[in-house]
Amino acid sequence: MKSLYLIISIVVIVAVIYVIGMNFLNSLVGYDGEVTYQHTNQMVEEAKQEMLSSGGKIALVAPQMSIWNKGETGIFTILIRNDETEGQSYSTKVILSMKNGKDADPMLVDDWFTYYKSNFLQPQEIEETQLVVQTPHISETGTYLFRVIVCKGVIDCTLNSPSLYGEDSFAIELI
């Protein structure tokens, strides 16, 4: 009977340590739910009008350069316009292009983004895809240059893909 109480006690202690550890890790890299930067609906509508008047295929509603503190979050919008006469599938990918002016490992920030990676658009339809950027509290300071690339009809979109449909970029300076 004593061994049963010992096992139950060990399980309870392990569970408590696990919960405390997960809360600690979440405080280091977690998202606290506050949005630091979010564009307005008017900015999205202006970008759509510019896209239509210029014949653009993709646009990103985001600042050219934004200074953020570690742990901050921003919500941007990726606009994709299907200029085909038929419905078409598109895939989107956000990649780290440079960090502090040098080539960088894209895996460094792979978990910073939340967005839909593929869409099906009807002819002349403009799709709005939210891009949530969450910088972890443990991120390295510096200037990060990101590229948003859109490919037509493929799942794995790359800069070298023959089906590259368009691209845009944005930068974040973490302090």
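Using only side-chain charges placed at the Cβ, +1 for Lys and Arg and -1 for Asp and Glu, the dipole size of the stretch 37-174 relative to its Cα centre rounds to 200 debye.
Over the stretch 85-175, the fraction of Cα-Cα pairs per 5 Å bin, rounded to whole percents and listed from the shortest bin up, is 3, 13, 22, 23, 17, 11, 7, 3, 1, 0. One decimal place: the segment Y116-T143 gains 7.2 nm when fully extended, by the rule 0.36 nm per residue minus the C-alpha distance.
Pairs exceeding a 28 Å alpha-carbon distance, out of K48/K93; K48/K70; K70/K102: K48/K70.
Every number here is computed from the coordinates shown, using simple stated rules; none is lab data. All values reported here derive from a predicted model rather than from experimental measurement. For neighbour counting, all protein chains shown are included, and Cβ atoms are generated from backbone atoms with ideal geometry for every residue, glycine included.
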